[in-house]
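Student: This is the structure I want to talk about, given as structure tokens.
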Amino acid sequence: MLLTETTSKSIIVIEDIDCSLDLSGQRIKKEEKHLYTDMIMNVARTESQDDSKVTLSGLLNFIDGLWSACGGKRIIVLTINYVEKLDPALIRTGRMDKHVEMSYCSFEGFKVLAKNYLEVEAHPTFDLIQQLIKEINITPADVAEKLMPKTAAKDADVCLSNLIRALDEVKDDQKRKEVAKAEAMSSSVQKEPVKVEVKK
């Protein structure tokens, strides 16, 4: 396993751990365990060639073993899309001491990006951008991409116009998805049989 070969003062980054590995740690109740025994044995036989499969138990043992056996410092960074999918044992204090939520871009975040990339602290388009950012979900990376000048000729006005266009596209796309979801929900409601109770 690559993790065992890390040296002192390493930074270990595991991206999207909730999507790439099955670390939900769904624990099976004792009375349900016998139902799964045959199925597990069959799966174990078919997957026996996959010796590198990472399990929750293996990852927890590795993390705990690092701290107890190694004198050197290591930092483990896990990126997670759906923290609720993970077993609490993996993200409890003591294993993961710092939890940082990387949310969608806020207007304050946009202003920091505009200052860093365009050296602009105020602009006539900021009010419109603030309104659009409040209405949609967009990541700071997507905002930063629009603010990065691709050529020397692209100035702040062009980059901010590109951002407004991108925000409008995201807003329109989110509205289309909401309409489609509402239509799907209403069509599924209409398909349900209507129960009529007749009293005599």
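The values are calculated or read from the model by the stated rules, or taken from the named source; none is laboratory data. Computed from a prediction, not measured in an experiment: that's the story for all the values here. FYI the Cβ positions are ideal-geometry reconstructions off the backbone, even for glycines, and counts take in every protein chain you see.
Student: Considering each residue of the stretch 156-188, count those that are modelled with pLDDT under 90 and of a type in the set (S, T, N, Q), and give that number.
Tutor: 3
Student: Any idea which of GLU135, GLU101 is at pLDDT 90 or above and either under 29 Å from ILE17 (Cα atoms) or charged (D, E, K, R) (or both)?
Tutor: None of the other options fit; the residue is GLU135.
Student: Looking at LYS98, LYS146, LYS111, can you tell me which residue is closer than 29 Å to VAL13 by Cα and not in a helix (DSSP H, G or I)?
Tutor: So the residue among LYS98, LYS146, LYS111 that is closer than 29 Å to VAL13 by Cα and not in a helix (DSSP H, G or I) is LYS98.
Student: I'd like the residue in the stretch 117-142 that is surrounded by 12 or more Cβ atoms within 10 Å (Cβ to Cβ) and more than 22 Å from ARG176 (Cα to Cα) and, out of all such residues, is nearest to the chain's Cα centre (by Cα).
Tutor: That would be PRO140.
Student: Does PRO140 satisfy the condition of being closer than 25 Å to MET102 by Cβ, at pLDDT below 90 and in contact with a helix residue (DSSP H, G or I) (Cβ under 8 Å, 6 or more places away or on another chain)? First the steps, then the outcome.
Tutor: Working: closer than 25 Å to MET102 by Cβ: yes; at pLDDT below 90: no; in contact with a helix residue (DSSP H, G or I) (Cβ under 8 Å, 6 or more places away or on another chain): yes.
No, not satisfied.
Student: Among the candidates ALA153, ALA69, ALA89, single out the residue that is over 30 Å from ASP172 (Cα atoms) and modelled with pLDDT under 80.
Tutor: Details: ALA153 fails: over 30 Å from ASP172 (Cα atoms); ALA89 fails: modelled with pLDDT under 80.
None of the others qualify; the one that does is ALA69.
Student: Across the stretch 143-187, what is the number of residues that are among the charged types (D, E, K, R) and over 24 Å from the mean Cα position of the chain (by Cα)?
Tutor: First, the residues of the stretch 143-187 that are among the charged types (D, E, K, R): 145-146, 150, 154-155, 157, 165, 168-169, 171-173, 175-178, 181, 183.
Still in the list and also over 24 Å from the mean Cα position of the chain (by Cα): 150, 154-155, 157, 165, 183.
Of the residues in the stretch 143-187, 6 are among the charged types (D, E, K, R) and over 24 Å from the mean Cα position of the chain (by Cα).
Student: How about the stretch 7-29: which of its residues are part of a loop (DSSP other than H, G, I, E, B), at pLDDT 65 or above and surrounded by 12 or more Cβ atoms within 10 Å (Cβ to Cβ)?
Tutor: Residues satisfying the conditions are ASP16, LEU21.
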